[in-house]
Amino acid sequence: MMGTLIMERRTGIGPAYSAWEADILPLNYRRMPTREIILQIADFLKPDTMIFMWINEQRAEELIAWYRKNRRELPWRRDSSPYHVWLSEIMLQQTRVEFVKERYLRFLEELPDLLSLAECEEEKLMKLWEGMGYYSRARNLQKCARVIAGQYGGELPADFNTLKSLPGIGPYTAGAISAIAFHLPRAAVDGNVMRVFARAAADERDIRREDVKKEYTEKVQSFLDAGAASLLETDPLFMPSFTQALMELGAIVCLPNGKPVCESCPWKNSCLSHARGLEEVIPVRAKKKARRIEQRTILIIREGERFLMHKRDRRGLLAGLNEFAGAEGYLSRKEALRYVTDLGLEPLKISPLPEAKHIFTHVEWHMKAYEILVSPSERDPGPGLFWADKKELHHTAVPSAFRTYLEYYDLR
Ligand code: SF4
């Protein structure tokens, strides 16, 4: 029994394990440094058990204390209204914090509440999202706002399962909104949180595996359902703090690429990867499939100050967004000129432009480009095509895949 109590105090391992720990751990553990004890215990246990051990009240308290001292001032932390939490969580998916900061404020200036988002014109919404990529997030955001306006009286529902059923809201986002905005004990486990726990528990399984992710979410949830009882009772801000602290640790200390800053970590004395020197080996991630390379020719067709633009199809990559005219594959000068004459336009001059590359999740565009000056024409350029001058282009959403050319013509 004495051995059990010492183990609980020194390692933070909860009572659930105490009985059998007492049987298997020799009493001389009491003379060992904490890190040694943890290393030796870990040898007895499977990774999933280690993760469960990691999430206990002592660790949560250490983490929250660190967070309250070290957290960054971010615009979406100024208040935790459900609309603000939801918007920031969607924006932060796949986009860097530094970039989101400015976009988040600009978005709120234009669309300060859920109803203004629900009623916003598509073109304006796309313009507000410009440069962030993954435009379906913005469309789903609006679709969701319209459902909430129509069915929930304009207020995000304070219920995890209802949130999860809404367009564009998956289990992670539903968990984050529930915990941060509504203080509900729901787990929000994303890639950052997975990385932190995988390192802490020296779990060498592939964290891209769906079953591993599900297991982590379940472990955190079972801690919130049972293991965090006294903290939930005594600290009214436990849920927002715990959830944001995990995210923050993953963002500024337990870094995704390269060496984590273990010396600044509240868990440095009990992290198994740190103790074993595995911080740069874990997390293990299976290699992603190589991206498909697509060759494209961008045609900047100009008539004076007007540019010929094209609205993309409503399905597929960059659905419904505006782009410069162009074609798949690399066109020769002759083929590019034929493209223009086929539109009923008269080319005056063709010149090559810089090449560019843009990386999407599964595809890479390798772009060659020409500028083609054409003589004035009153003809309708054809389906999906339209003329826009510089001023109009400043107010038109054009994806950052075309950044090289937007900057070349000073259109951004
Ligand atoms: S000690 Fe290092 S590796 Fe372990 S959780 Fe902290 S930052 Fe990550």
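With label points built 7 Å along Cα→Cβ from the Cα atoms of E122 and E346, find their separation and express it in nm.
Label-label distance for E122 and E346, simple model: 3.6 nm.
Counting helices only, and only those DSSP H runs with n ≥ 4, report the 222 nm mean residue ellipticity of the chain as the sum of -39,500 (n - 2.57) divided by its residues, in deg cm²/dmol to the nearest 500.
Here the helix-only value at 222 nm equals -13000 deg cm²/dmol.
Percent of Cα-Cα pairs per 10 Å bin, from 0 to the last occupied bin, for the range 184-270, please list those.
Here the calculated profile for the range 184-270 is 16, 47, 33, 4.
What is the ratio of the Cα radius of gyration of the range 69-276 to 2.2 N^0.38 Å, with N the residue count, to two decimals?
1.06
Based on a Kirkwood Rh over C-alpha pairs, give the Stokes-Einstein translational diffusion coefficient of the range 217-365 at 37 °C and viscosity 0.692 mPa s in µm²/s.
Translational D for this selection: 154 µm²/s.
Rank W76, G227, C254 by how far each Cα sits towards the positive end of the charge dipole of the chain (+1 on Lys, Arg Cβ; -1 on Asp, Glu Cβ) and give me just the farthest.
The one lying farthest along the dipole's positive direction is C254.
Given H placed on each backbone N at 1.01 Å, which residues far from E364 in sequence or on other chains put an amide H within less than 5 Å of it?
Those qualifying (amide H under 5 Å, at least 5 residues apart or on another chain) are R292, I293, E294.
Taking the radius of gyration and the Kirkwood hydrodynamic radius from Cα positions alone, what is the Rg/Rh ratio for the range 292-408, to two decimal places?
0.93
What pairs from K213/K289; K143/K288; K164/K219; K214/K357; K164/K288 go past 29 Å between their alpha carbons?
Beyond 29 Å between Cα atoms: K143/K288; K214/K357.
Cα centroids of the range 150-211 and the range 357-371: how far apart, whole angstrom?
A separation of 33 Å, based on Cα centres.
If you place +1 on the Cβ of every Lys and Arg and -1 on the Cβ of every Asp and Glu, how big does the dipole about the Cα centre of the chain come out, in debye to the nearest 20?
Dipole of the chain, to the nearest 20 debye: 980 debye.
Mind checking Rg over Rh on the range 272-332, alpha carbons, Kirkwood formula for Rh?
We get a ratio of 1.36 for the range 272-332.
Taking 41 Å as R0, compute the FRET efficiency from the Cβ-Cβ separation of E364 and A158 and round it to 0.05.
0.45
Determine the gain in length on full extension of the stretch S165-R205; use 0.36 nm per residue of separation and subtract their C-alpha separation, reporting nm with one decimal.
11.4 nm
Above 15 Å lies some portion of the pair distances; for the range 326-366, what is it as a whole percent of all C-alpha pairs?
Summing the P(r) tail past 15 Å for the range 326-366 gives 52 percent.
Any idea how far the Cα center of the range 72-86 sits from the one of the range 385-412, in Å?
With the range 72-86 and the range 385-412 each reduced to a Cα centre, they are spaced 31 Å.
Hey, what do the phi angles of the range 142-158 turn into as Karplus ³J(HN,Hα) couplings, whole Hz, using 6.51/-1.76/1.60 and θ = phi - 60°, x for Gly and Pro?
5, 4, 5, 4, 5, 5, 5, 5, x, 10, 10, x, x, 10, 4, x, 8
Out of the trypsin sites (Lys or Arg not before Pro) in the range 314-373, which ones are loop residues according to DSSP with at most 16 other C-beta atoms within 10 Å?
Answer by residue number: R314, R315.
Determine the distance separating the Cα centre of the range 319-350 from the Cα centre of the range 214-289; give it in Å without decimals.
52
Straight-line reach only, C-alpha to C-alpha below 16 angstrom: list the lysines that K259 could link to, leaving out same-chain residues fewer than 8 apart.
Answer for K259, where 16 Å is the Cα cut-off: K268, listed by chain and number.
Any idea how far apart V281 and E218 come out in nm if each label point goes 7 Å out from Cα toward Cβ?
With each label point 7 Å from Cα toward Cβ, the separation is 2.7 nm.
Return the equivalent ellipsoid semi-axes of the range 122-216 as a descending list in whole Å, where each equals the square root of 5 times an eigenvalue of the C-alpha gyration tensor.
29, 18, 10
Give me log10 I(q)/I(0) at q = 0.08, 0.13, 0.14 Å⁻¹ for the chain, Debye formula, one equal scatterer per alpha-carbon, no solvent.
Summing over Cα pairs of the chain leads to -0.57, -1.11, -1.21.
No value in this document is a laboratory result; all are computed from the given coordinates. Bear in mind that the values here come from a model prediction, so they are computed numbers and not experimental data. Backbone-built Cβ (ideal geometry, glycine too); neighbour counts: all protein chains shown.
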